[in-house]
Amino acid sequence: MGRAAEIIGVTAGFLRSLDEAKLFTPQRSAGGHRRYSRYQLRLAARARELVDSGTALDAACRIIILEDQLEEARRINAELRKQA
């Protein structure tokens, strides 16, 4: 967790708060350490941007989830247009 926090410039506590806010759930190593995917680190970096700009953490998480859903909907729409 410490290395992941260092990579994106946040504290370990910030990453834990994203887990508690249910933005994502990191995998756990056999020793119980949190393991973050690149995708989860991108989400955490986006959350940091929003929080740094004055958005509350819970609102930032909702925004990120909605952005992610919109991107997925756009991807599906593009695939369906190719099939038509």
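Assigned to a loop (DSSP other than H, G, I, E, B) and loosely packed, with under 11 Cβ neighbours inside 10 Å: does that describe LYS82? Criteria not met by LYS82.
Residues in region 1-24 that are surrounded by 14 or more Cβ atoms within 10 Å (Cβ to Cβ) and in a helix (DSSP H, G or I): ALA4, ALA5, ILE8, ALA12, PHE14, LEU15, ARG16, SER17, LEU18, ASP19. Within region 25-61, being buried (at least 17 other Cβ atoms within 10 Å of the Cβ) and either under 15 Å from ARG3 (Cβ atoms) or modelled with pLDDT under 95 (or both) holds for PRO26, ARG34, TYR36, GLN40, LEU41, ALA44.
Pairing each residue of region 27-49 that is farther than 15 Å from ARG16 by Cα and without any contact (Cβ under 8 Å) to a residue 12 or more places away in the chain with any residue that is open to solvent by 90 Å² or more (accessible area, probe 1.4 Å) and in a strand (DSSP E or B), provided the two are 6+ apart or on different chains, yields C-beta distances under 9 Å for SER29/ARG35.
The values are calculated or read from the model by the stated rules, or taken from the named source; none is laboratory data. Owing to the predicted nature of the structure, the values given are computational and were not obtained by experimental measurement. Cβ sites come from the backbone with ideal geometry, for glycine too, and all protein chains shown count toward neighbours. SASA here: full protein model, heavy atoms, side chains in, ligands and nucleic acids out. Shrake-Rupley method; radii C 1.70, N 1.55, O 1.52, S 1.80 Å.
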